[in-house]
Amino acid sequence: MTSVSVRATIVEDNTGIKSQLPIVLTEQGELTVVTDYLLKLEADDISGSVIRRCVRVVSLLLDYMEANKDLFNDPKTLFQTFTKRLYTGTIGENGLDPSGLYWLPTATENTNKLISSITGLTNWMADKVNAENMNPLCEATPHEQRLNYAAWYRKNQNDFLGHIEDKRLNKTIQKAITIKGRTPLIKTEDDAVAFPEQHWSVFLKEGIGGAKDPRVALRDKLISLLMHGGGIRESEALTLWVTDVFEDPNNPDSAIVRVYNEIDGAAPNNWKGRIGAITREAYLKQEFARIPRKRMSGTQHIGWKSKVVDHKDNYIQVWWFPTDYGKLFMMLWKNYQKYRACVECNHPYAFISFHPQFMGNPYTLNAFHQNYASGLKRIGLEPNKTEGLDPHGHRHSYGRRLERAGLSPLIIRRCMHHKSLRSQLPYTGKGQQEISDELTEATLQLADPDSKVKAFDWKELVEYGFGDIDPQGFFTGKNPKFGRT
């Protein structure tokens, strides 16, 4: 291993703001050019997972260059082979790897993301770094110079991932990626991602609601209702503030729930801070000396995925379906608030920890996942994402419910806060059982004498034989050797 990744606190100026990012260290020290690029990604509000992926692929590239420093004279072949090894791994059929890398094969989708990450880095370096041509395989060459070489090659040879330039063509048409990543398998959306509706009621009452501590049971029930009955993500549910649940003026027994973007969302109660700031980020800083959880690291971090809001104040509203879920939420919410009010909290988050060691702290995703898994086990189920038995499965269940009700795709898009109609397809596709039921119904229609499609006569069909599955004619053909059963 020629490099390691460590999490560092980075001070960029004389203000009180610091960045916490993973950086790449080698025996020569920090790779500052990579750190600069990661700071740029952070400034562009790129997610932490993308930043970590960039760090990982840089380390992989440096390791590969070190392990193969005496083999390649052509940089194009080097980088092309590097991308191939991301797919195939480096271990031979005999279980050995002379390079010492011992990489396992990586899924096509993940490898494509790694290739995209290294392309973004070298493109940025080519524009920002005046890198000179240098041999990346020379033993004495520092690792940062090797990355500079990759940027130089990108700048002078139209990208080590194969951009081809023709001066006669328009610049938009000129770029044709040769090594663009393999085409991943097309995934169908089926019951494997939706929480099974037949388990929902018992899970709410006896599973997640079966916790010994009634405060914990109420809290986790409310979060589950937001996901299952309102279709929001678990991260959005845990971002909810105590100020953002209201009685519905048209139905006081039901709840209106609004989840605000913690950075750009409007502060509660028409708050206005110093120099006229009105955002939630300013409110958190001035009133609680906190930063939004999206900017935090560690277990307190919570992302924000939604790109669509329902109001100029930058919030998404929970649309209950069926609408009775709004009434159940309000009833539980009123009881939960009695428990929360008894705990000292120096923050506005609705859902808090009741663990003695972390009493009153904002509830974390890790803690919720543990309690969610315990809830499944109470009713005899095991956490299993492929069967929809995980928090995100409730959002899929919500989308399927909307689709089965025959609602307009435009309404479904609003309910799920998607930017485009295409985004909702994974949530509204037919499940396996639904497909099976429709095929059964269609089969029954074949028996209808008025049907234009005639049912298959199995006896007549087998007389023609099946050379691929019964080549000896034991059971099929005009005169099957063993007759017909």
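Values in this text are rule-based calculations from the coordinates and carry no lab data. Keep in mind the model is a prediction, meaning the values are calculated, not measured. Cβ: placed from backbone, ideal geometry, glycine included. Neighbour counts: every protein chain shown.
For the pair residue 96 and residue 205, label points projected 7 Å from Cα toward Cβ lie 6.5 nm apart. Just so you know, the Rg over Rh for the range 1-122 is 1.01, from Cα atoms, with Rh as the Kirkwood radius. Restricting the calculation to alpha carbons of the range 37-98 gives Rg and Dmax of 14.8, 46 angstrom. Taking the square roots of 5 times each eigenvalue of the Cα gyration tensor of the range 231-283, largest first, gives ellipsoid semi-axes of 23, 15, 7 Å. In this structure the amide hydrogen of residue 241, modeled in the peptide plane, comes within under 5 Å of the amide hydrogens of 260, 350, none closer than 5 places in sequence on its chain. Remark on the range 341-414: ratio of C-alpha radius of gyration to 2.2 N^0.38 Å is 1.51. Put simply, the convex hull of the Cα atoms in the range 191-428 casts, on average, a shadow of 13.2 nm². Cross-link check: pairs 294/377; 272/327; 221/385; 18/385; 205/312; 212/307 evaluated at a Cα-Cα cut-off of 29 Å; pairs beyond the cut-off: 294/377; 272/327; 18/385; 205/312; 212/307. Quotient of the Cα radius of gyration of the range 240-349 and 2.2 N^0.38 Å, N being its number of residues: 1.14.
Residues in the range 322-339 carry Karplus couplings, in order, of x, 5, 4, 4, x, 5, 5, 4, 5, 5, 5, 4, 4, 5, 5, 4, 5, 6 Hz; the curve used is 6.51 cos²θ - 1.76 cosθ + 1.60 with θ = phi - 60°, and Gly or Pro positions show x. Close amide H contacts of residue 20 (hydrogens built in the peptide plane, cut-off under 5 Å, sequence separation of 5 or more or a different chain): 10.
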